[in-house]
Every structure is written in structure tokens, then in C-alpha cells.
Amino acid sequence: MTTLPPSAIVLSASMAVAAGLLGCFALMRRMTLAADALSHVALPGIGLALLLGLHPVTGALVALCLGAILIWALERRTHLATETIIGVVFSSALAIGALVTSGDQLMDALFGGPGTLPTWEVATGILGAAAVIVFVIAARDRMIVTLLSPDVALTTGINVPRLNLLYLLAFALTIALGLRYLGVLLMGSLIIIPAATARRLARDLTGMFTISVIVALASTLAGLWLAARWGKQSGPLIIAIAAGLFLVTAVGKQRAESR
């Protein structure tokens, strides 16, 4: 049994809060599948970083941010749906990533493997999570108006293109924060599943944010504890717990409504 250091707990909790908040808007923007696809954009960045002797999270973050900017630019120029563009970028990134990453490094990249976290990575991760949390809270009203009507948002002085870019960059940063624990295959699930659970239970938007954060936190901390206890990969356990909570609440809510 491995004991989790306090720094890993704080970093994972910060990441979970950011994922829970951001996932609510991903759900409202109908980016449920796109969230999972976008996380795969990190794979070529991880592979190139390993080849160059750089930290894999650094390569992942650069790849994700460049991918977010590319998706934003293509969306503006082609007027295609965000999900369509992300699908194209995802397929290309996955192919490149598979070519430049192999062996145990590929397994850690796909499913997560926390290992020993240096102080700088913990501090940077917490600051990144805080930045995402502050952005979501500060831009909440503007993003809601933009979701309801982009034309109304423009007339009220909201810079919709810039807001969309900031959202995609926050999305990319949140995925990078969770790669240590969930890997590129599963990080998108932590953004979507807690929000989907919250949508079933919440009565208003504030309740949805709160429940989503609680589910993300509970799943992450419980998954990390079990992974340390059993010597397993943390990613599959975290997502299995989140999925289990979703199923339990979905069935429970359906039974309650049928009475």
C-alpha cells in the first residue's frame, strides 16, 4: 500500500474542482464527446516531450493549447461545429501520438500514473486549477448569455470570439492538469460525467455546479486512495467511481419520479 502525499491530494482536489465546474459548461455547449476527443490532442505533445527529454506535462500543455487555438481559428473561418473540428484534430493528434510514443510511457500517457510529484509541478498545477476556477466563476454570466444567444451577447458588448477562445484554453489547461491521474483516454470523462450526474439532480445552475464539483472531488480522491491501496492505475478507478455514481443517481432519480 502506497501513502499519498498531501501535495498530491491538494493537486488532485484542485484539478477535480476545475473539471467539475468546467464540465457544466461543456455539457451545456453540447461538447460531451468533444471533451473526450480534445484530451487526445495531448498525446503527440507527450511523445515529443519525451523524445526531447522534456517534462511530459509540459509537452501535453503546449499541444493542448495549440490544439485549442487551432480549433478556435478553424471554427471562425469554416463556421463548422466545434465538435466536427475537434474530431478532425483529435484523429490527427492520435495518429501522430501513437507514432512518437511507445511502451510504458504510452500506458502512463493513456491511463495516468502520478508517481512522485516535484514541488514545482504541484505549485504550477494548483495555480493552473485556480486560474480555471476563477475564469469559470468570473465569466459564468457572460458564457450563459452567449449560450442562450450569441447575437444578444454581441449587442451587450461581450466579445464572443475571445470568450470562446478563453473557454477552449481553460478546457485545455484542465485536461493538462488531470493527465497525471487519468491520462489522455480518461480525462475528458472526469469533465463530463460529474456534470451529467449533476444535471440529473440539480434544480438550478448553482446546484449543478455544486453537485458536479462534489462528484468530481469524491471520485478523484476515492480513486486515488484505492489506486494507492491496490497498486493500480488511478485513471480507470476514478472514472469507474464517477460512472458508478452517475448510474446510481440516474436509477434512483428515475425510481423516485415513477412513484
Where Lys and Arg each count +1 and Asp and Glu each count -1, what net charge lies around residue 170 among other residues with Cβ under 15 Å from its Cβ? +4
Based on the mean of other Cβ atoms within 10 Å per residue, sort peptides 202-213, 233-244, 12-23 so the most packed one is first. 12-23, 233-244, 202-213
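Here, each number is a calculation from the coordinates, and none is a lab measurement. Worth saying up front: this structure is predicted, and the values here are computed from it rather than measured. Note that we place each Cβ from the backbone using ideal geometry, even for glycine, and neighbour counts take in every protein chain shown.
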